[in-house]
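Colleague: Quick one: the structure is below, and I'll ask about it shortly.
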Amino acid sequence: MSSAGDRRRAAADGMLRPEESPEPRTAAAAEESGARRLGRCLTPPPGEEVKEMEETIEDLLGRLDEFCGITDAIRSDTSEILDETIPLIKDKVMEMNHIYAKVDKLELAFPYGSNFN
């Protein structure tokens, strides 16, 4: 094992970071280190690409907000239909059933009444 002074000298030479130990790394640690290096390589430099991505994100957030507004309007309309319109339709159906019953009674009373030739 090397002493702390040796590790500091190696770090100064750029061979080791002070927080790294000279012991062999596990596969998971090596994979994480590789992933970090790859992430740094794939990170776009600040500039036009970042601005373009931010604009795209803002556009998508705006569209999402519009979509949420539409779904809220649909929910509101559905509630209105369930609470107001359906009871009105039921009332009209009941009225029509009474009218149909009267028509049926008239047809029974005057079986040939529909032939006014």
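Colleague: Scan region 61-86 residue by residue and report those that are open to solvent by 90 Å² or more (accessible area, probe 1.4 Å) and of a type in the set (A, V, I, L, M, F, W, C).
Modeller: Those that are open to solvent by 90 Å² or more (accessible area, probe 1.4 Å) and of a type in the set (A, V, I, L, M, F, W, C): L61, L64, F67, I70, I74, L82.
Colleague: Name the residue that is nearest to the chain's Cα centre (by Cα), counting only residues in region 40-58 that are open to solvent by less than 100 Å² (accessible area, probe 1.4 Å) and at pLDDT 75 or above.
Modeller: So, considering only residues that are open to solvent by less than 100 Å² (accessible area, probe 1.4 Å) and at pLDDT 75 or above, the one nearest to the chain's Cα centre (by Cα) is I57.
Colleague: If you don't mind, there's one more thing I want to ask. If we scan region 96-113, do we find a residue that is small (G, A, S) and modelled with pLDDT under 90?
Modeller: Yes.
The values are calculated or read from the model by the stated rules, or taken from the named source; none is laboratory data. Note that the structure is predicted; figures quoted are calculated from it, not measured. Calculation scope for accessible area: heavy atoms of the full protein, side chains included, ligands and nucleic acids excluded. Shrake-Rupley method; radii C 1.70, N 1.55, O 1.52, S 1.80 Å.
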